[in-house]
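The values are calculated or read from the model by the stated rules, or taken from the named source; none is laboratory data. Small disclaimer: the values here were computed from a predicted structure and weren't measured. Cβ placement follows ideal geometry from the backbone for every residue including glycine, while neighbour counts extend to all protein chains displayed.
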């Protein structure tokens, strides 16, 4: 009886091990099949991308990601999907894919590329910054992440250039709005807009004009001391600027007449010299 029980236990153990081995083998085979399918989908995505079919490529890369989400190729497929959409100018869809990557694969080694792709997708949506600032702001946020968090990356240099361009665009928006108020003699909102240009966009080409306009407005409303303050600031930083000359005219109404007389005098002197050479 004891011998029978022992034999039964040994048989059960053998069957159990055998079943486990079969299950393990099935799992290995299943993983191998998924791996093959994923690689095939990824390659098809690359082929479509090379042919210029970004939308079709994106779908194939999504298939590759879904087939084997535990694989190291899943996040790469996700990024390739976003890039494929961007390359075919599906910018809104590219934004969605890049944002999804950052949510699904946080702190991934290619996070910097996702932020750059997100930024450039927003940047290329800018059509008329006077109507819609949202793409501009979103682009700025992501370019700043690239520059601040990954200053030594391959994308940092271009991100800095794009940020400079964005600063110019935002400053031009402020100048456009300020001009609107200026022409309607709404002095306070015009002053605030010009001050924004000076305080927020100091490296742009619009600072000189903004300073001059502040000179003009303060002079017109009778605040001459304030006008002089901005004129001094303009002169100190941009003395050779045409806008400084314009500000100088605000305080010296006879300046233009004097300049014309000087030009005529110089002209006359040159003519006299030429005549003396001929004689």
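Filtered by the rule that a residue be within 15 Å of the chain's Cα centre (by Cα) and buried (at least 19 other Cβ atoms within 10 Å of the Cβ), segment 88-107 gives 94, 95, 98. Of the residues 255, 219, the single one that is surrounded by 11 or more Cβ atoms within 10 Å (Cβ to Cβ) and modelled with pLDDT of 90 or more is 219.
Would you say residue 85 is under 18 Å from the mean Cα position of the chain (by Cα) and assigned to a helix (DSSP H, G or I)? Judged against the criteria, residue 85 is a match. Just need a number here: residues in segment 96-143 that are more than 19 Å from residue 165 (Cβ to Cβ) and touching a residue at least 40 places away in the same chain (Cβ under 8 Å). So the answer is 2. What number of residues in segment 191-248 are under 20 Å from residue 164 (Cα atoms) and not in a helix (DSSP H, G or I)? Total satisfying the criteria: 6. Among all positions in segment 221-231, there is at least one residue which is within 35 Å of the chain's Cα centre (by Cα), at negative phi and free of Cβ contacts under 8 Å to residues at least 60 places away in the same chain. Just wondering, is there one or more residues in segment 114-131 that are farther than 20 Å from residue 198 by Cα, modelled with pLDDT of 95 or more, outside any loop (DSSP other than H, G, I, E, B) and more than 12 Å from the chain's Cα centre (by Cα)? Yes, segment 114-131 contains at least one residue that is farther than 20 Å from residue 198 by Cα, modelled with pLDDT of 95 or more, outside any loop (DSSP other than H, G, I, E, B) and more than 12 Å from the chain's Cα centre (by Cα).
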